[in-house]
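Novice: The structure under discussion is supplied below as structure tokens; questions concerning it will follow.
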Amino acid sequence: GVKISSLLKETGLVTLDPGFMNTASTTSAITYIDGDAGILRYRGYPIDQLAEGSSFLEVAYLLIKGELPTADELEAFTSRVHKHRLLHEDFKAFFTAFPANGHPMAILQSGVSALATYYQHTLDPRDEEQVELATVLLMAKVPTMIAYIAKRALGLPLLYPDASKSYVEDFYRLTFHLPYQDHDVDPALTKALDMLLILHADHEQNCSTSTVRMVGSSNANIYSAVSAGVGALSGPLHGGANESVLEMLTAIQASGGDASEFMRKVKNKEDGVRLMGFGHRVYKNYDPRAAIVKDAAHEVLGKLGKSDELLDIAMGLEEIALNDDYFIERKLYPNVDFYTGLIYKAMGFPTQMFTPLFAMGRLPGWIAQYREMIADPTTKIGRPRQVYTGETERQYPAGR
Ligand code: ACO
């Protein structure tokens with residue numbers, strides 16, 4: 001057969017598709033989305049079944065390896081990850097090099113990229129063992145890094161990871177506990193957080209994942225690729241939306257709690273205001289993750305005995321949107337991050353930590369997609385074409 005790439009080269013055919021509305025950048029066997037039907041599956045397993053019955057590390061294994069682990073495989077993977085949760089001591093100084101109020105996503109992006117300097121024996125994408133070790137190191141160290149960034153922002157002392165605790169429980173402990181004040185973490189909280197991480201674990205070729213693949217397509221090491229993914233995720237149209245949603249709800253609350261004026265602005269597109277946490281490139285139906293998160297928000301806030309006026313405002317906004325022609329015509333529904341921030345807030349996370357939590361969840365997806373790309377013999381360096389619209393040739397003025 002004729003190779004499509006050489007055919008395109010010969011004909012000089014170029015397609016222009018801003019935002020990749022209709023252009024697939026790759027084949028992939030990891031995640032399936034049917035946006036019209038509101039379906040999301042990891043490796044064929046429906047997201048609601050994984051959220052209900054699985055654990056984040058099990059889902060990470062599933063995404064990365066393609067199959068659910070046996071009990072022994074999960075045990076081996078978990079203990080390998082736990083063994084590497086310590087950060088190099090120099091990282092303590094690394095974090096202090098940033099202003100205390102610097103955004104955690106910017107510090108995280110730098111931290112992930114810096115891992116390449118500490119683990120130089122894990123940088124070769126063509127060496128399976130190196131990639132395997134880098135996978136474990138990323139899964140192990142990123143939560144510790146995020147917890148330390150949170151602590152540093154408040155000037156609080158850092159704790160060392162405790163391998164006897166579960167992945168999520170220890171993350172919670174590292175983030176919130178102080179020396180000599182270590183106490184048990186409410187299992188309802190760790191279960192909810194574990195579930196949220198599962199919901200964020202992969203979402204096929206979204207902006208950050210496409211970025212990870214693009215950077216990795218040059219054979220850049222996995223830390224560089226994932227660090228670029230963190231950068232892409234930080235934007236308010238992507239992972240940063242969870243932070244923006246809470247800011248939006250807080251602003252509505254501060255102005256008296258009446259959402260109608262805000263909604264008027266959104267519909268008139270005044271000052272580019274959008275209903276954050278609504279809309280999705282692929283879902284033209286209720287995001288299946290949003291439905292699960294909404295139930296979890298009620299459950300977690302109920303368990304913590306916290307009533308949150310912001311949750312009422314969020315539900316009010318959803319109610320208006322689901323019955324308003326503007327949103328109906330454009331098929332705009334809540335996405336995964338419309339309700340997540342309310343849960344993170346109830347758990348005690350500062351708003352700026354919301355997007356790093358998304359990054360912690362998306363990490364196995366980025367790793368799985370990087371590895372799938374590297375293992376695919378048809379992978380070529382990502383290099384889009386353009387349609388040039390500038391000046392044709394001009395002469396540089398003589399004597400200038
Ligand atoms: N509020 C108001 N109007 C919206 C919204 C929204 N949240 N989202 C889309 N629209 C409108 C657009 O103005 C546009 O209207 P028009 O046809 O009159 O011009 C129409 O709906 C289509 O929107 P696009 O921007 O073309 O859709 P696109 O697929 O490019 O964008 C995106 C998807 C970025 C998610 C968008 O819906 C958005 O900005 N949402 C708010 C931010 C957000 O929640 N992001 C998180 C995404 S999910 C995630 O990363 C976890």
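Readers should treat all values here as calculations from the given coordinates under stated rules, not as data from a laboratory. Because the structure is a prediction, the values reported are computed rather than measured. All Cβ positions, glycine included, derive from the backbone under ideal geometry; neighbour counts span all protein chains shown.
Novice: Return the single residue from THR175, THR70, THR351 with maximal mean-square fluctuation; model: Gaussian network over the chain, springs between Cα atoms under 10 Å.
Specialist: Of THR175, THR70, THR351, the Gaussian network model singles out THR70 as fluctuating most.
Novice: In whole Å and largest first, what semi-axes does the C-alpha gyration tensor of region 237-366 yield when each eigenvalue is scaled by 5 and square-rooted?
Specialist: Semi-axes, largest first: 22, 18, 14 Å.
Novice: In angstroms, what radius of gyration and Dmax does region 17-60 have, counting Cα atoms only?
Specialist: Cα only, region 17-60: 13.2, 40 Å (Rg, Dmax).
Novice: Hey, what's the Cα Rg ratio for region 53-119 versus the globular rule of thumb, 2.2 N^0.38 Å?
Specialist: Scaled against compact globular proteins, the figure is 1.47.
Novice: Still on this model: Could you work out the percent of alpha carbon pairs in the chain separated by over 34 Å, rounded to a whole number?
Specialist: In whole percent, the long-distance tail amounts to 32.
Novice: At a threshold of 8 angstrom on Cα-Cα distance, excluding pairs fewer than six apart, so keeping six or more, what relative contact order does region 115-226 reach in percent?
Specialist: RCO, region 115-226: 27 percent.
Novice: Oh, and also: Based on the mean of other Cβ atoms within 10 Å per residue, sort peptides 135-142, 43-50, 321-328 so the most packed one is first.
Specialist: In descending order of packing, they fall as 135-142, 43-50, 321-328.
Novice: Would you mind putting 32-38, 192-198, 302-308, 272-278 in packing order, based on average other-beta-carbon counts within 10 Å, highest first?
Specialist: 192-198, 272-278, 32-38, 302-308
Novice: Three principal axis extents, largest first, for the C-alpha atoms of region 317-380, in Å?
Specialist: Result for region 317-380: principal-axis Cα extents of 49, 36, 13 Å.
Novice: For region 168-247, count all C-alpha to C-alpha pairs, find those more than 20 Å apart, and express that count as a whole percent of the total.
Specialist: It works out to 53 percent of all Cα pairs.
Novice: Could you work out Rg/(2.2 N^0.38 Å) for region 240-313, with Rg from alpha carbons only?
Specialist: Against the empirical 2.2 N^0.38 Å value, I get 1.21 for region 240-313.
Novice: Another question about this same structure. Normalise the Debye intensity by I(0) for region 150-214, one equal point scatterer per Cα, no solvent, then take log10 at q = 0.28 Å⁻¹ and round to two decimals.
Specialist: Listed by q, the Debye log ratios stand at -1.15.
Novice: When the helices in the chain are scored as -39500 (n - 2.57) per DSSP H run of 4 or longer and the sum is shared across all residues, what 222 nm value do you end up with, to the nearest 500 deg cm²/dmol?
Specialist: Roughly -17500 deg cm²/dmol at 222 nm, from the helical runs in the chain.
Novice: Just to compare against my own numbers: the Cα pair-distance distribution for region 294-400, 10 Å bins, whole % per bin, please.
Specialist: Per 10 Å bin, starting at zero, the Cα-Cα P(r) for region 294-400 comes out as 10, 23, 20, 19, 15, 8, 4, 1 percent.
Novice: Rounded, prolate or oblate for region 84-173? Axes are the square roots of the Cα gyration tensor eigenvalues, ordered a ≥ b ≥ c, and the cut-off for rounded is a/c under 1.5.
Specialist: In terms of gyration-tensor shape, oblate.
Novice: Right, another one. Taking the Cα centre of region 342-400 as origin and charging only Cβ (+1 Lys, Arg; -1 Asp, Glu), how large is the dipole, in debye to the nearest 20?
Specialist: Dipole of region 342-400, to the nearest 20 debye: 80 debye.
Novice: Could you tally the net charge around SER79, taking each other residue with its Cβ under 15 Å from the Cβ of SER79, Lys/Arg +1 and Asp/Glu -1?
Specialist: Surrounding charge for SER79 is -3.
Novice: Please grab the % of Cα pairs in region 171-305 that end up more than 25 Å from each other.
Specialist: More than 25 Å apart: 46 percent of the Cα pairs in region 171-305.
Novice: Still on this structure, I have one more. Output the DSSP H helices from the chain with an along-axis C-alpha extent of no less than 15 Å and a mean Kyte-Doolittle hydropathy no less than 0.0.
Specialist: Both cut-offs are met by 104-118, 128-154, 187-200, 222-233, 241-254, 309-322, 337-347, 354-375.
Novice: Among LEU178, LEU154, ALA192, whose Cα lies farthest out toward the positive end of the dipole of region 148-193, if unit charges sit on the beta carbon of Lys, Arg (+1) and Asp, Glu (-1)?
Specialist: LEU154
Novice: Let me ask something additional. Report the relative contact order of the chain, percent, no decimals, based on alpha-carbon pairs under 8 angstrom and at least 6 residues apart.
Specialist: Relative contact order comes out at 23 percent.
Novice: In addition: What dipole magnitude, in Debye to the nearest 20, does the chain give about its Cα centre under +1 on Lys/Arg Cβ and -1 on Asp/Glu Cβ?
Specialist: 1220 debye
Novice: Here is a follow-up. In terms of the Cα gyration tensor, with a ≥ b ≥ c the square roots of its eigenvalues, is region 1-119 rounded because a/c is under 1.5, prolate because a/b exceeds b/c, or oblate?
Specialist: Taking the square roots of the gyration eigenvalues as a ≥ b ≥ c, region 1-119 is oblate.
Novice: Hey, another quick one. Please build a GNM for the chain, connecting alpha carbons under 10 Å apart, and tell me which residue among LEU178, LEU189, LEU16 fluctuates the most.
Specialist: Highest fluctuation among the options: LEU16.
Novice: What does the charge dipole of region 142-252 about its Cα centre add up to, to the nearest 20 debye, if the Cβ of each Lys and Arg holds +1 and the Cβ of each Asp and Glu holds -1?
Specialist: Dipole of region 142-252, to the nearest 20 debye: 320 debye.
Novice: Place +1 on the Cβ of every Lys and Arg and -1 on the Cβ of every Asp and Glu in region 288-333, take the dipole about the Cα centre, and give the residue among VAL293, SER307, PHE327 whose Cα lies farthest towards its positive end.
Specialist: Farthest towards the positive end: VAL293.
Novice: Moving on. Net charge within 13 Å of GLY53 by Cβ-Cβ distance, Lys/Arg positive one each and Asp/Glu negative one each, not counting GLY53 itself?
Specialist: Neighbour charge sum, excluding GLY53 itself: -3.
Novice: Once the other residues with Cβ under 13 Å from the Cβ of ALA259 are scored (Lys, Arg +1; Asp, Glu -1), what is the net sum?
Specialist: After counting each charged neighbour, the total is -4.
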